[in-house]
Amino acid sequence: MRQTTIAKKVHNVGIGLHKGEPIRLTLEPLEAGSGIVFYRSDLGVSFKAEPKNVINTQMATVVGNEKGYISTIEHLMSAINAYGIDNIRIIVDANEIPVMDGSSASFCMLLDEAGVRELDANKKALIIKRAVEIREGDKLVRLSPSKSPKFDYTIKFSHPLIGTQHYVFEFSKKVYLKEISRARTFGFLKDVQALRSMGLALGGSLENAVVIDENKILNPEGLRFENEFVRHKILDAIGDLALVGAPILGDYTAFAGSHDLNHKLTLAILADTKNLELVDLTAEVVREYQKVFA
């Protein structure tokens, strides 16, 4: 398999979740070996999508440096990961990626518009060779060897409308589009009110998030899936893991995971070469992990 980029430049405009202001998003093709590069057009600052460039994981995954940052990258990164795009330039004129409808579906449509183009360089993948786990209290995230990579996620909330939800997603673009991409981010009304008092979540609305009060879902259309909450957590994890810079061939397992635990997991995996093997995606490897590339 060859490395890929998008076939043409595409644009979109959406609202920023935290500032509530319009943000112009542009995706551009890049040559082989460039990776995923973020660019703040208002500041003239670039940074690569790499674990070492993650500077905050409190409410979203944020990449940047001393000159600037871009927040809430995980939904777009999730779509880029699912489409198998290796090289792309992401340009915004503000400090966050637009939230769109709170899922990655709009980004998938944007990538469909752009198309995918092969480049004259071998595609790489990270094969997980031994299990690596990050645990904090009863929360954990883990990557382990597998011939049929999947995301196995469990969430547990005291809220009666969520409770314990478990979902297993066997990774492929086709299934991602159908089962994961439309799952929206969610939040509790009391938390939204607190965030707005701090000047955050100003762009949040029922059009870009599932909002829950003490006993009901406030969105008039209800949920897109009965277990939309755990599906969205998988969407986030796919985006967070994309920061390693290559498809991960291994099982991801999480119980009450988070952006922070996902970030720590990517750092731990890359910290020891015994954890992984970086390989060219030859026909033999693709056959061995055929479900991933379906």
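Scanning for something part of a strand (DSSP E or B) and either open to solvent by less than 20 Å² (accessible area, probe 1.4 Å) or under 30 Å from Arg2 (Cβ atoms) (or both), does the stretch 279-286 turn up at least one residue?
Initially, the stretch 279-286 is screened for residues part of a strand (DSSP E or B), giving 279-280.
Remaining after also requiring either open to solvent by less than 20 Å² (accessible area, probe 1.4 Å) or under 30 Å from Arg2 (Cβ atoms) (or both): 279-280.
So far as the stretch 279-286 goes, yes, one or more of its residues are part of a strand (DSSP E or B) and either open to solvent by less than 20 Å² (accessible area, probe 1.4 Å) or under 30 Å from Arg2 (Cβ atoms) (or both).
Counting only residues that are under 13 Å from Ser71 (Cβ atoms) and basic (Lys, Arg), which one in the stretch 13-44 is modelled with the lowest pLDDT?
Lys19
Which residue out of Asp93, Asp112, Asp120 is more than 17 Å from the chain's Cα centre (by Cα) and closer than 16 Å to Tyr39 by Cβ?
Asp93
What are the residues in the stretch 269-278 that are part of a helix (DSSP H, G or I) and open to solvent by 30 Å² or more (accessible area, probe 1.4 Å), if any? I'd like the intermediate steps shown before the answer.
Step one: of the stretch 269-278, the residues part of a helix (DSSP H, G or I) are 269-271, 273-275.
Hits for the stretch 269-278 are Leu270, Ala271, Thr273, Lys274.
Please go through the stretch 33-47 and give me each residue that is free of Cβ contacts under 8 Å to residues at least 60 places away in the same chain and of a type outside the set (S, T, N, Q), ordered by number.
Val37, Phe38, Tyr39, Arg40, Asp42, Leu43, Gly44, Val45, Phe47
Restricting attention to the stretch 51-66, report how many residues are at pLDDT 95 or above and either touching a Lys or Arg at 6+ places or on another chain (Cβ under 8 Å) or open to solvent by less than 50 Å² (accessible area, probe 1.4 Å) (or both).
Qualifying residue count, the stretch 51-66: 8.
Condition first: exposed (fewer than 14 other Cβ atoms within 10 Å of the Cβ), of a type in the set (D, E, K, R), farther than 21 Å from Ala60 by Cβ and modelled with pLDDT of 95 or more. Can you find one or more residues in the stretch 178-187 that meet it? Explain how you work it out, then say what you get.
First, the residues of the stretch 178-187 that are exposed (fewer than 14 other Cβ atoms within 10 Å of the Cβ): 178.
Narrowing further to those that are of a type in the set (D, E, K, R): 178.
Checking the rest, the ones that are also farther than 21 Å from Ala60 by Cβ come to 178.
Of the ones still in play, those that are also modelled with pLDDT of 95 or more are 178.
Checking the stretch 178-187: at least one residue is exposed (fewer than 14 other Cβ atoms within 10 Å of the Cβ), of a type in the set (D, E, K, R), farther than 21 Å from Ala60 by Cβ and modelled with pLDDT of 95 or more.
Suppose we filter Lys190, Lys147 for residues that are open to solvent by 80 Å² or more (accessible area, probe 1.4 Å), among the basic types (Lys, Arg) and assigned to a loop (DSSP other than H, G, I, E, B); which single one remains? Steps first, please.
Values: Lys190 fails: assigned to a loop (DSSP other than H, G, I, E, B).
Testing whether each residue is open to solvent by 80 Å² or more (accessible area, probe 1.4 Å), among the basic types (Lys, Arg) and assigned to a loop (DSSP other than H, G, I, E, B) leaves just Lys147.
Exactly one condition in (1) of a type in the set (A, V, I, L, M, F, W, C); (2) open to solvent by less than 60 Å² (accessible area, probe 1.4 Å); (3) under 25 Å from Lys124 (Cβ atoms); (4) part of a helix (DSSP H, G or I) is false for Ala254; which is it?
Ala254 satisfies every listed condition except (4).
When the residues of the stretch 19-32 are narrowed to those that are assigned to a loop (DSSP other than H, G, I, E, B) and open to solvent by 60 Å² or more (accessible area, probe 1.4 Å), which ends up nearest to Thr5 (Cα to Cα)? If you could, list the steps in order and put the result at the bottom.
Filtering the stretch 19-32 for residues assigned to a loop (DSSP other than H, G, I, E, B) gives 19-21, 30-32.
Still in the list and also open to solvent by 60 Å² or more (accessible area, probe 1.4 Å): 19, 21, 31.
On the way: Lys19: 30, Glu21: 29, Glu31: 7 Å.
This residue is Glu31.
Does the stretch 2-22 include one or more residues that are within 25 Å of Arg231 (Cβ to Cβ) and touching a His at 6+ places or on another chain (Cβ under 7 Å)?
no
Of the residues Ser78, Ser46, Ser103, which single one is open to solvent by 20 Å² or more (accessible area, probe 1.4 Å), of a type outside the set (Asp, Glu) and either in contact with a Pro (Cβ under 7 Å, 6 or more places away or on another chain) or at negative phi (or both)?
The match here is Ser46.
Select from the stretch 150-174 the residues that are within 20 Å of the chain's Cα centre (by Cα) and either part of a loop (DSSP other than H, G, I, E, B) or free of Cβ contacts under 8 Å to residues at least 60 places away in the same chain (or both) and list them in ascending order. Don't jump to the end; show me each part of the working.
So in the stretch 150-174, the residues within 20 Å of the chain's Cα centre (by Cα) come out as 150-155, 165-174.
If the condition is that a residue be within 20 Å of the chain's Cα centre (by Cα) and either part of a loop (DSSP other than H, G, I, E, B) or free of Cβ contacts under 8 Å to residues at least 60 places away in the same chain (or both), then Val168, Phe171, Ser172 are the ones that fit.
Going residue by residue through the stretch 202-223, is there one that turns out to be within 19 Å of the chain's Cα centre (by Cα), open to solvent by 50 Å² or more (accessible area, probe 1.4 Å) and in contact (Cβ under 8 Å) with a residue 12 or more places away in the chain?
no
Checking Lys233 against (1) surrounded by fewer than 16 Cβ atoms within 10 Å (Cβ to Cβ); (2) among the charged types (D, E, K, R); (3) under 15 Å from the mean Cα position of the chain (by Cα): exactly one of these is not met. Which one?
Result: Lys233 passes all but (1).
With (1) among the hydrophobic types (A, V, I, L, M, F, W, C); (2) touching an Asp or Glu at 6+ places or on another chain (Cβ under 6 Å); (3) open to solvent by less than 30 Å² (accessible area, probe 1.4 Å) as the list, and Val168 as the residue in question, which single condition is left unmet?
(3)
The values are calculated or read from the model by the stated rules, or taken from the named source; none is laboratory data. All values derive from a computational prediction rather than experimental measurement. Every residue, glycine among them, receives a Cβ derived from its backbone with ideal geometry; neighbour counts consider all protein chains shown. Please note that ligands, DNA and RNA were not included when accessible areas were found on the heavy atoms of the full protein model with its side chains. Shrake-Rupley method; radii C 1.70, N 1.55, O 1.52, S 1.80 Å.
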